[in-house]
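The values are calculated or read from the model by the stated rules, or taken from the named source; none is laboratory data. Note that this is a predicted model, so its numbers are computed, not measured. So basically every Cβ, Gly included, is an ideal-geometry build from the backbone, and we count neighbours across all protein chains shown.
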Amino acid sequence: MLVLMDALRSAGVDFVLMRHEANAGIAAAVYGKLRGQPGVVVTTLGPGAANLMLPLSNSYLDQEPLLAISAQLPDDVPASHTHQRLPLHDVYQPITKYVAKITAQTFGEAVPHALTVCMNRPFGAAFLTLSAREALKPADAAPTRGATDANGGAAPSRKGNPREKAGELRGLLAKAKRPLVLIGLGIDQANATRIRQWVTGWNLPVATTPKVKGIVDETGANFVGVVGGMAADDLMCEALKAADLLIGLGLDPVEIDSAWHAELPIQWILQVENVGGIVPAGTQLVDHAPLLDALLGAQPPSTWPAPFREFQQRRLEKLNDRSGAPGVMWPGDIVQALAAVLPPETIVTTDVGSHKYLFGQFWPSREPQTFWMSNGLSGMAYGLSAAIGAKLARPDQPVLAAVGDGGFSMNAQELETAERVGAPFVTVVLEDGSYSLIKLAQAGKNLAPYRVDFGPIDTVKMAEACGVDGLRTTNPDELASAAKRAVERRRSLVIGVPVNDADYRRIF
Ligand SMILES: Cc1ncc(C[n+]2csc(CCOP(=O)(O)OP(=O)(O)O)c2C)c(N)n1
């Protein structure tokens, strides 16, 4: 790995030194997806490579393109040399699209192929190993470029006719009184404008899954809510049942932690298979761009005067159902205060926990690719690392990380990384002294809270220890003005906001 690092330096390829390989992998994958190319994470052998399980799993289930390269022992090391020897290829093969050794003979094939498969839809990960012995050998062949096609290099499959599919959809919509379009992870962000034009132009009620928040403007009148296990999920499931036509545009059940996707009749409009190679029975894949073009070229077959209005109102009421608990901020006020002052292009990342359900449902995303969470894997320690990757990929957009105090303590040290590499962002830590989502799950099973509370670690001092400004507040106006000021000054800021974990129950 040292040889590779030095070769990269000589070639003018810089890298970001992070403090934990899992964080590096998450940041790289988010960076990659925002830049339309695989992110690359490089680690040592043994423990460093073992720490890649979280980001590789996340790339697999959350469709984020990541090439991981770790060191490995040379092949000719005696078998008795077991120090730091792990069966890395065997371990990572099931969750990646390609594993291979980089050798002087294979590098010209292996590296371009690995980069290509990461960008095949559904996006995912590849894992390569490189031994010090091979790294020192002169290369045998010049690299060849991996072949890609319009679908990112995926094997061609027999696809449906987009015009016919458009006609079929129009026919179904003409008969529907309460249609609902569900947009999911399998869409191509390059079709964002077409998708917006279609659902807005036809005034179609629309819901999204968390990972494509922002594909439509959530402040629009036709936005019904976020499906896929966030806050207000019971209400969203009621809305799904109330629909008489569900159109799953790129809908991938990897984001859904209950069974409605298998129980309700859904018109699946998929252009590639879902995560894990799953295609719902009887579904023929169809390319979205020509399908949407065909729909856009036709008149809406009906009008739908807000058939989900009642659900939309009840959803927003939850945000204002204040408990009045003293000494804390109402979680709904955190979202509303920040959304009122941060510009629409702000990229929001969340960690995993109750706060993710809150932001996932209620953050009003307005622009595509401005919301990032781990939702297929749902792995804690995503939010802060994702914010670093996002800020490096889009330095001109403000970035906000919303994390719980549990998740924050898993990787707060990366605040120093962000400062060092000039990637400032605002972090809001929702402090409730507990793994509140787990506490809620215990309560849901009539179990007493057990081993879910932890002692305080001072968020502000942690920020300051990493060279970042910190502040604690329970005042929504102070929260909003501090976040706005930090964004305007392009400075990192960590804001600890005490919350009452029981308040989440009112919102869920
Ligand atoms: C790496 C990882 N470990 C454990 C879990 C299980 N888990 C899900 S949410 C959660 C609690 C999160 O607590 P915190 O970060 O404080 O957020 P809160 O729920 O309080 O908002 C845990 C332990 C997980 N999703 N990921």
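Quick check: anything in the stretch 470-485 hydrophobic (A, V, I, L, M, F, W, C) and either within 16 Å of the ligand (Cβ to nearest atom) or in a loop (DSSP other than H, G, I, E, B) (or both)?
Here is the first cut: in the stretch 470-485, the ones hydrophobic (A, V, I, L, M, F, W, C) are 471, 479-480, 482-483.
Filter once more, keeping what is either within 16 Å of the ligand (Cβ to nearest atom) or in a loop (DSSP other than H, G, I, E, B) (or both): none.
No, that holds for no residue.
I'd like to verify a number: residues in the stretch 252-301 that are hydroxyl-bearing (Ser, Thr, Tyr) and in contact with a Phe, Trp or Tyr (Cβ under 9 Å, 6 or more places away or on another chain), how many?
Here the count works out to 1.
Does Gly406 satisfy the criteria of being at negative phi, not in a loop (DSSP other than H, G, I, E, B) and not hydrophobic (A, V, I, L, M, F, W, C)?
Yes.
Which of the numbered conditions does Asn51 fail, given that it passes all the others? Conditions: (1) among the polar types (S, T, N, Q); (2) surrounded by 24 or more Cβ atoms within 10 Å (Cβ to Cβ); (3) touching a His at 6+ places or on another chain (Cβ under 8 Å).
Here Asn51 clears every test but (2).
For the stretch 208-246, how many residues meet the condition of being touching a helix residue (DSSP H, G or I) at 6+ places or on another chain (Cβ under 7 Å) and in a strand (DSSP E or B)?
5
For the stretch 337-350, does any single residue satisfy the condition of being within 11 Å of the ligand (Cβ to nearest atom) and buried (at least 24 other Cβ atoms within 10 Å of the Cβ)?
Pass one, the stretch 337-350, residues within 11 Å of the ligand (Cβ to nearest atom): 350.
Subset that is buried (at least 24 other Cβ atoms within 10 Å of the Cβ): 350.
Among the residues of the stretch 337-350, at least one is within 11 Å of the ligand (Cβ to nearest atom) and buried (at least 24 other Cβ atoms within 10 Å of the Cβ), which makes the answer yes.
One residue is enough: does the stretch 152-162 have a residue meeting the conditions of a type outside the set (A, V, I, L, M, F, W, C), in contact with a Lys or Arg (Cβ under 6 Å, 6 or more places away or on another chain) and modelled with pLDDT under 95? Explain how you work it out, then say what you get.
Filtering the stretch 152-162 down to residues of a type outside the set (A, V, I, L, M, F, W, C) leaves 152-153, 156-162.
From what's left, in contact with a Lys or Arg (Cβ under 6 Å, 6 or more places away or on another chain): 152.
Filter once more, keeping what is modelled with pLDDT under 95: 152.
Taking every residue of the stretch 152-162 in turn, at least one turns out to be of a type outside the set (A, V, I, L, M, F, W, C), in contact with a Lys or Arg (Cβ under 6 Å, 6 or more places away or on another chain) and modelled with pLDDT under 95.
Looking at Val428, Val497, which one is within 21 Å of Pro326 (Cβ to Cβ), within 16 Å of the ligand (Cβ to nearest atom), in contact with a Lys or Arg (Cβ under 9 Å, 6 or more places away or on another chain) and part of a strand (DSSP E or B)?
Values: Val428 fails: in contact with a Lys or Arg (Cβ under 9 Å, 6 or more places away or on another chain).
Every option except Val497 fails the conditions.
Ala192 - would you say it is within 20 Å of the chain's Cα centre (by Cα) and within 17 Å of Ala306 (Cα to Cα)?
When the stated conditions are applied, Ala192 does not pass them.
Output the qualifying pairs, or none if there are none: Cβ atoms under 6 angstrom, residues six or more apart or on different chains, first residue in the stretch 438-454 and among the aliphatic types (A, V, I, L, M), second residue part of a loop (DSSP other than H, G, I, E, B).
Filtered contacts from the stretch 438-454: Ile438/Val452; Val452/Tyr435.
Go through Gly444, Gly422 for me and flag whichever is within 16 Å of the ligand (Cβ to nearest atom) and surrounded by fewer than 15 Cβ atoms within 10 Å (Cβ to Cβ). Walk me through how you get there before you give the answer.
Values: Gly422 fails: within 16 Å of the ligand (Cβ to nearest atom).
Unique residue meeting the criteria: Gly444.
Is there a residue in the stretch 360-368 that is within 18 Å of Asn58 (Cβ to Cβ) and either without any contact (Cβ under 8 Å) to a residue 60 or more places away in the chain or out of contact with any Lys or Arg (no Cβ under 9 Å at 6 or more places or on another chain) (or both)? Working first, answer last.
So the first thing to find is which residues in the stretch 360-368 are within 18 Å of Asn58 (Cβ to Cβ), and the list is 360.
Narrowing further to those that are either without any contact (Cβ under 8 Å) to a residue 60 or more places away in the chain or out of contact with any Lys or Arg (no Cβ under 9 Å at 6 or more places or on another chain) (or both): none.
For the stretch 360-368, residues within 18 Å of Asn58 (Cβ to Cβ) and either without any contact (Cβ under 8 Å) to a residue 60 or more places away in the chain or out of contact with any Lys or Arg (no Cβ under 9 Å at 6 or more places or on another chain) (or both): absent.
Considering (1) closer than 15 Å to Val429 by Cα; (2) of a type in the set (Val, Ile, Thr); (3) out of contact with any Asp or Glu (no Cβ under 8 Å at 6 or more places or on another chain), say which one Val487 fails and leave the rest.
Val487 satisfies every listed condition except (1).
If I filter the stretch 372-393 down to residues being out of contact with any Ser or Thr (no Cβ under 9 Å at 6 or more places or on another chain) and not small (Gly, Ala, Ser), which single residue comes out as nearest to the ligand (Cβ to nearest atom)?
Here the residue is Lys391.
Residue-by-condition table, conditions (1) touching a helix residue (DSSP H, G or I) at 6+ places or on another chain (Cβ under 8 Å); (2) within 25 Å of Val468 (Cα to Cα):
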{"site": "Ile347", "(1), (2)": "yes, yes"}
{"site": "Gln361", "(1), (2)": "yes, no"}
{"site": "Met380", "(1), (2)": "yes, yes"}
{"site": "Ile388", "(1), (2)": "yes, yes"}
{"site": "Pro395", "(1), (2)": "no, yes"}
{"site": "Leu415", "(1), (2)": "yes, yes"}
{"site": "Val421", "(1), (2)": "yes, yes"}
{"site": "Val429", "(1), (2)": "yes, yes"}
{"site": "Lys445", "(1), (2)": "no, no"}
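Collect the residues in the stretch 334-351 that are under 11 Å from the mean Cα position of the chain (by Cα) and under 15 Å from Phe408 (Cβ atoms), keeping them in residue-number order. Can you show your working first?
Of all residues in the stretch 334-351, those under 11 Å from the mean Cα position of the chain (by Cα) come to 348-351.
Answer for the stretch 334-351, where residues must be under 11 Å from the mean Cα position of the chain (by Cα) and under 15 Å from Phe408 (Cβ atoms): Thr349, Thr350, Asp351.
Within the stretch 381-400, identify whether any single residue is part of a loop (DSSP other than H, G, I, E, B) and within 13 Å of the chain's Cα centre (by Cα), and answer yes or no.
Let us first name the residues in the stretch 381-400 that are part of a loop (DSSP other than H, G, I, E, B), namely 381-382, 394-398.
Now narrow it down to the ones that are within 13 Å of the chain's Cα centre (by Cα): 381-382.
Checked the stretch 381-400: at least one residue is part of a loop (DSSP other than H, G, I, E, B) and within 13 Å of the chain's Cα centre (by Cα).
So Glu317 ticks every box in (1) in a loop (DSSP other than H, G, I, E, B); (2) of a type outside the set (Phe, Trp, Tyr); (3) surrounded by fewer than 16 Cβ atoms within 10 Å (Cβ to Cβ) but one. Which box is left unticked?
With respect to (1) in a loop (DSSP other than H, G, I, E, B); (2) of a type outside the set (Phe, Trp, Tyr); (3) surrounded by fewer than 16 Cβ atoms within 10 Å (Cβ to Cβ), Glu317 is out only on (1).
If I filter the stretch 214-231 for residues that are surrounded by fewer than 17 Cβ atoms within 10 Å (Cβ to Cβ), farther than 26 Å from Pro162 by Cα and of a type outside the set (A, V, I, L, M), do I get at least one hit?
Residues of the stretch 214-231 surrounded by fewer than 17 Cβ atoms within 10 Å (Cβ to Cβ): 219-221.
Subset that is farther than 26 Å from Pro162 by Cα: 219-221.
Adding the requirement that they be of a type outside the set (A, V, I, L, M) leaves 219-220.
Taking every residue of the stretch 214-231 in turn, at least one turns out to be surrounded by fewer than 17 Cβ atoms within 10 Å (Cβ to Cβ), farther than 26 Å from Pro162 by Cα and of a type outside the set (A, V, I, L, M).
Just to be sure, is Lys461 within 16 Å of the ligand (Cβ to nearest atom) and among the basic types (Lys, Arg)?
Working: within 16 Å of the ligand (Cβ to nearest atom): no; among the basic types (Lys, Arg): yes.
Judged against the criteria, Lys461 is not a match.
Are any residues in the stretch 397-419 within 16 Å of the ligand (Cβ to nearest atom) and among the small types (Gly, Ala, Ser), and if so, which ones?
Across the stretch 397-419, the qualifying residues are Ala401, Ala402, Gly404, Gly406, Gly407, Ser409, Ala412.
Show me the helices (runs of 4 or more DSSP H) found entirely inside the stretch 1-118 where at least 1 residues are under 26 Å from Gly214 (Cβ atoms). Give the derivation first.
Numbers: elements: 2-10, 21-35, 47-50, 53-62, 88-92.
Those helices (runs of 4 or more DSSP H) span 21-35, 53-62.
Which of the residues spanning the stretch 265-285 are buried (at least 21 other Cβ atoms within 10 Å of the Cβ) and either in a loop (DSSP other than H, G, I, E, B) or free of Cβ contacts under 8 Å to residues at least 12 places away in the same chain (or both)?
Result: Leu270, Gln271, Val272.
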